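The values are calculated or read from the model by the stated rules, or taken from the named source; none is laboratory data. Being a predicted model, the structure only gives us computed values, none of them experimental. Neighbour counts run over all protein chains shown; Cβ positions are idealised from the backbone, glycine included.
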Amino acid sequence: MRMFGKAGKAAAVAAITALALTGCGRSEPTTGGGTEGAGGFEEGASIAVALPQKTSENWVLAEKLFNDGLTDAGFKPDVQFANAGVSEQQNQISAMITKNPKVLIVGAVDGTQLGTQLKQAKDAGATIIAYDRLLLNTENVDYYVAYDNFKVGELQGKALLEGLQAKKPSGPYNIELFAGSPDDANAKVFFDGAMSVLKPKIDDGTLKVLSGQTSFEQAVTQAWKSENAQRRADTLLTGNYTSESLDGVLSPNDTLARAVLTSVKAAGKPIPVITGQDSEVESVKSILAGEQYSTINKDTRKLVEHAITMVKDLQAGKELEINDKDSYNNGVKTVPAYLLEPVIVTSANVKTAYTDDPILGPITK
Ligand code: BGC
């Protein structure tokens, strides 16, 4: 198995044991690789979609897109959120299976906690697609569809460096690091992608993390909650930046970037260069206003559209289009994946990045 194609990424990714979620070593688009594909199933079948909490706008958008897209394609969608967390999602999936879905699409709250339910789904004959977040430590996942998570982190790391250099040509720069929720399989991958860019600069002294909190475990934000990021930012600021400047912040997504900015403003400090992800409306406005430095465009419409294409192909008994057969080991198996390319957005391209987006297009015109 080719888990890591580029030597430069190896160090950052070495910490991932069960996961090998990089976009590198990517194979050319191909078909097959999954365990399904032959036979198909009846038109109008029930398709279950289990989504996590509404921790960012992309999940809320996905609900509507799945409902509309699956209905338009002639399926019966059963789309549910698990706002109360893991046990709600477990119960939901068990209940979904009683409606005999032919495909179960899962955006997991915690990708390690659904083993029993995924086995039930598989035993009932469903094909299982991990959506956006990989399902871990189970053989009962057939496909993965997501934006390239490692690449997201790399783009964030590069944007942070570029933003800092644009403000002040040479370092050292003081930065702090934030990561997502440790139960989300993506969070560590985003962080490792970013650290593949930032760690060499921390090691050579260009970047200084005055709190000393440079590990994923120290940087995490439980449940992706703004209040948790804001509280940690408050503590970091009072503990380390009363007389020093905070030049930059790695934030894994837009919701948390705005939480950190709230903290910085409350402390009366200058706005640092800060990254994000998801192209949330308020963050895109913040980029336009010159506050948040960057976000990532992971167009939810394209991700849902591809998930629905997978469902259609399964229904028709066709082989699925897979463009990464090697990178996504979930601890038990390598899951055939279809990865989409994330795009970095800063003030340099914010006015052109969303021209075909019905929500963000009009805002950025
Ligand atoms: C998604 C991100 C999102 C985060 C919090 C992750 O799994 O990939 O786009 O910001 O969840 O909702």
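Among the residues of the range 302-315, is any more than 16 Å from the ligand (Cβ to nearest atom), without any contact (Cβ under 8 Å) to a residue 60 or more places away in the chain, more than 19 Å from the chain's Cα centre (by Cα) and at positive phi? There is no residue in the range 302-315 that is more than 16 Å from the ligand (Cβ to nearest atom), without any contact (Cβ under 8 Å) to a residue 60 or more places away in the chain, more than 19 Å from the chain's Cα centre (by Cα) and at positive phi.
Between LEU246, LEU261, LEU250, the distinction of being in contact (Cβ under 8 Å) with a residue 40 or more places away in the chain and either within 16 Å of the ligand (Cβ to nearest atom) or under 25 Å from the mean Cα position of the chain (by Cα) (or both) belongs to LEU250 only.
Of the residues ALA194, ALA233, ALA219, ALA223, the single one that is of a type outside the set (Ser, Thr, Tyr), in contact with a helix residue (DSSP H, G or I) (Cβ under 7 Å, 6 or more places away or on another chain) and within 14 Å of the ligand (Cβ to nearest atom) is ALA194. Selection within the range 141-159: residues that are closer than 10 Å to VAL335 by Cα and of a type outside the set (A, V, I, L, M). The member of this set that is nearest to the ligand (Cβ to nearest atom) is TYR144. Restricted to the range 100-152, the set of strands (runs of 3 or more DSSP E) holding at least 1 residues that are touching a Lys or Arg at 6+ places or on another chain (Cβ under 6 Å) comprises 143-147. Flag set for LEU210, criterion: over 23 Å from the mean Cα position of the chain (by Cα) and hydrophobic (A, V, I, L, M, F, W, C). Filtered by the rule that a residue be among the basic types (Lys, Arg) and closer than 21 Å to ASN149 by Cα, the range 334-352 gives no residues. With respect to GLN165, determine if the residue is among the polar types (S, T, N, Q) and either within 16 Å of the ligand (Cβ to nearest atom) or buried (at least 24 other Cβ atoms within 10 Å of the Cβ) (or both). Here the answer is no, as GLN165 does not meet what is asked. Answer yes or no: is there a residue in the range 274-285 that is more than 30 Å from LEU164 (Cα to Cα) and either in contact with a Ser or Thr (Cβ under 8 Å, 6 or more places away or on another chain) or in the same structural domain as PHE178 (by TED's automatic domain parsing) (or both). No, because not a single residue in the range 274-285 is more than 30 Å from LEU164 (Cα to Cα) and either in contact with a Ser or Thr (Cβ under 8 Å, 6 or more places away or on another chain) or in the same structural domain as PHE178 (by TED's automatic domain parsing) (or both).
Filter the range 63-99 down to the residues that are in contact with a Phe, Trp or Tyr (Cβ under 8 Å, 6 or more places away or on another chain) and either part of a helix (DSSP H, G or I) or at pLDDT below 95 (or both) and list them by number. Within the range 63-99, just GLU63 meets the criteria. Within the range 157-183, the residues that satisfy the criterion of being out of contact with any strand residue (DSSP E or B) (no Cβ under 6 Å at 6 or more places or on another chain) and polar (S, T, N, Q) are GLN165, SER170, SER181. Check the range 337-345 and report whether any residue there is at pLDDT 95 or above, part of a loop (DSSP other than H, G, I, E, B) and closer than 29 Å to LEU135 by Cβ. Yes, that holds for at least one residue. All of (1) away from the ligand (no atom under 16 Å from the Cβ); (2) of a type outside the set (Ser, Thr, Tyr); (3) surrounded by fewer than 16 Cβ atoms within 10 Å (Cβ to Cβ); (4) not assigned by TED's automatic domain parsing to the domain that holds PRO52 hold for GLY125 with one exception: (4). Among the numbered conditions (1) in contact with a Ser or Thr (Cβ under 6 Å, 6 or more places away or on another chain); (2) part of a helix (DSSP H, G or I), the only one that THR262 does not meet is (1). For LYS365, the conditions (1) modelled with pLDDT of 95 or more; (2) touching a Lys or Arg at 6+ places or on another chain (Cβ under 9 Å) are fulfilled apart from (1). Once the range 168-181 is narrowed to residues that are modelled with pLDDT under 95 and not polar (S, T, N, Q), the residue that is farthest from GLN222 (Cα to Cα) is PRO169.
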